[in-house]
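For reference, the structure is listed below as structure tokens.
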Amino acid sequence: MGLIRILVDGYSLLHHWPELAEGAKRHSEAARDALVEILTRYSDASGTPVTVFFDGNSPRRGKPTATNPGTVEVLFSHQGQTADDLIERAAHLYQSYGEVLVVTDDRAEGRVADGFGAHVVGSAIFINMMGEALENLAEKLKRHNETEKRRFIRRT
């Protein structure tokens, strides 16, 4: 079975990625929006849907929205639950459908997700994975555009 979904601990990833949304507080709406935007680009490049979970007990004016809602789902925990609870539940529910990747730096959460059969990676590894996928996509687009440009010039 192939990878069917990536489950991301949003604040864990933001905490370990200070270059993303520089100048914005890690739990701010701007930081969340920047994360959702790059996760959307990664999901488009990889072809794998992403669900990003945020603890809902922090103040926020609005929920970040994915630019392509079919590829990135944004969920906030309710009062009395944590994003970790939601990630663990999702890992359990998705296990019968295929491989799931959980992105977190929380070791306890990672152990539980691993117990449900999910692959678990830390933020640093996932940031590198995203960078490589986006670079590969950019290179493929560049080659495609060059090929199409040459074909267009030959026709004219």
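Of the set (1) in a loop (DSSP other than H, G, I, E, B); (2) at pLDDT 95 or above, all apply to Thr51 but (1). Inspection of the range 129-147 identifies at least one residue that is part of a helix (DSSP H, G or I), free of Cβ contacts under 8 Å to residues at least 40 places away in the same chain, of a type in the set (A, V, I, L, M, F, W, C) and farther than 30 Å from Ser96 by Cβ. Scanning the range 42-54 finds one or more residues that are among the acidic types (Asp, Glu), surrounded by 16 or more Cβ atoms within 10 Å (Cβ to Cβ) and more than 16 Å from Leu75 (Cα to Cα). Hey, any hits in the range 107-124 for a residue that's charged (D, E, K, R), within 16 Å of the chain's Cα centre (by Cα), closer than 17 Å to Gly10 by Cα and at pLDDT 85 or above? Scanning the range 107-124, I find no residue that is charged (D, E, K, R), within 16 Å of the chain's Cα centre (by Cα), closer than 17 Å to Gly10 by Cα and at pLDDT 85 or above, so the answer is no.
Scanning the range 126-156 for residues that are of a type in the set (Phe, Trp, Tyr) and over 17 Å from Thr48 (Cα atoms) yields one hit, Phe152.
If you scan the range 1-44, which residues turn out to be in a loop (DSSP other than H, G, I, E, B) and touching a strand residue (DSSP E or B) at 6+ places or on another chain (Cβ under 7 Å)?
First pass over the range 1-44, keeping only residues in a loop (DSSP other than H, G, I, E, B): 1-2, 16-28.
Correct list: Met1, Gly2.
Confirm whether Gly98 is in contact (Cβ under 8 Å) with a residue 40 or more places away in the chain, of a type outside the set (Phe, Trp, Tyr) and at positive phi. Spell out how you get there, then give the answer.
Values: in contact (Cβ under 8 Å) with a residue 40 or more places away in the chain: yes; of a type outside the set (Phe, Trp, Tyr): yes; at positive phi: yes.
Considered against the rule, which asks whether it is in contact (Cβ under 8 Å) with a residue 40 or more places away in the chain, of a type outside the set (Phe, Trp, Tyr) and at positive phi, Gly98 comes out as yes.
Does Asp9 qualify as being under 18 Å from Phe126 (Cα atoms) and at pLDDT 95 or above? Criteria met by Asp9.
The values are calculated or read from the model by the stated rules, or taken from the named source; none is laboratory data. Being a predicted model, the structure only gives us computed values, none of them experimental. As a convention, Cβ positions derive from the backbone with ideal geometry for all residues, glycine included, and neighbour counts pool all protein chains shown.
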